[in-house]
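Below you'll find the structure, written out as structure tokens, and then a few comments.
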Amino acid sequence: MKKVLIVCSFIFAAIFSSNAQEISDNAIGLRLGSNDGFGSEISYQRKLKENNRLEVNLGLRDAFSDVKLTGLYQWVWNLEDKFNWFAGAGGGIYDANRTSLFASGVIGIEYSFDIPLMISIDYRPEIGITGNLDGLNSDLGLSVRYQF
């Protein structure tokens, strides 16, 4: 058991000590996903540290009467030249006739083009805490963002 813990510790340290590619200060665009029926979201990312950022997504539906707001803190690691992978955690508010709170995680991969454009695909599991959301909800999304 001790050996397993030591090996896991070394793997964890290697992952978190690897250098990330320069991430943009800001990125804004669209995230297209299943999103529990919301579909598209407006997505904004803000760099916080060298390899950390905050992502905020806003989904609107039914003439703006249903709203979903998600905030995620992300860690970003470089895979290869312009490819990064990222993981993070956060939560949000879902308001569709009844306000709900949920916890969320995210894992994904992104590619930055030579122009200020980034494309990514991610998986976002969400667990309802209160309100209409119950159990585990899965959300797979494709995002296109302008970096500035």
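Quick notes on this one:
- Beta carbons closer than 6 Å, at least 6 apart along the sequence or on distinct chains, pair a first residue in segment 40-62 that is surrounded by 16 or more Cβ atoms within 10 Å (Cβ to Cβ) with a second that is of a type in the set (Ser, Thr, Tyr) for Ser43/Ser143; Val56/Tyr44; Asn57/Ser43; Asn57/Thr70.
- Selected residue (criterion: modelled with the highest pLDDT) from residues of segment 13-29 that are within 17 Å of Ser143 (Cβ to Cβ), surrounded by 15 or more Cβ atoms within 10 Å (Cβ to Cβ) and of a type in the set (A, V, I, L, M, F, W, C): Ala27
- Just one of the listed residues (Ser138, Ser120, Ser104) is within 14 Å of the chain's Cα centre (by Cα) and exposed (fewer than 14 other Cβ atoms within 10 Å of the Cβ), namely Ser138.
- Answer residue from segment 63-93, given it is of a type in the set (Ser, Thr, Tyr) and in a strand (DSSP E or B) and is surrounded by the most Cβ atoms within 10 Å (Cβ to Cβ) among those: Thr70
- Pairs with Cβ under 9 Å, 6+ apart, first in segment 94-114 and in contact (Cβ under 8 Å) with a residue 60 or more places away in the chain, second assigned to a strand (DSSP E or B): Ser112/Phe83; Ser112/Asn84; Ser112/Met118; Ser112/Ile119; Ser112/Gln147
The values are calculated or read from the model by the stated rules, or taken from the named source; none is laboratory data. Bear in mind the structure is a predicted one, so any value in this text is a computation, not a measurement. In this analysis, Cβ positions are derived from the backbone assuming ideal geometry, glycine residues included, and neighbour counts consider all displayed protein chains.
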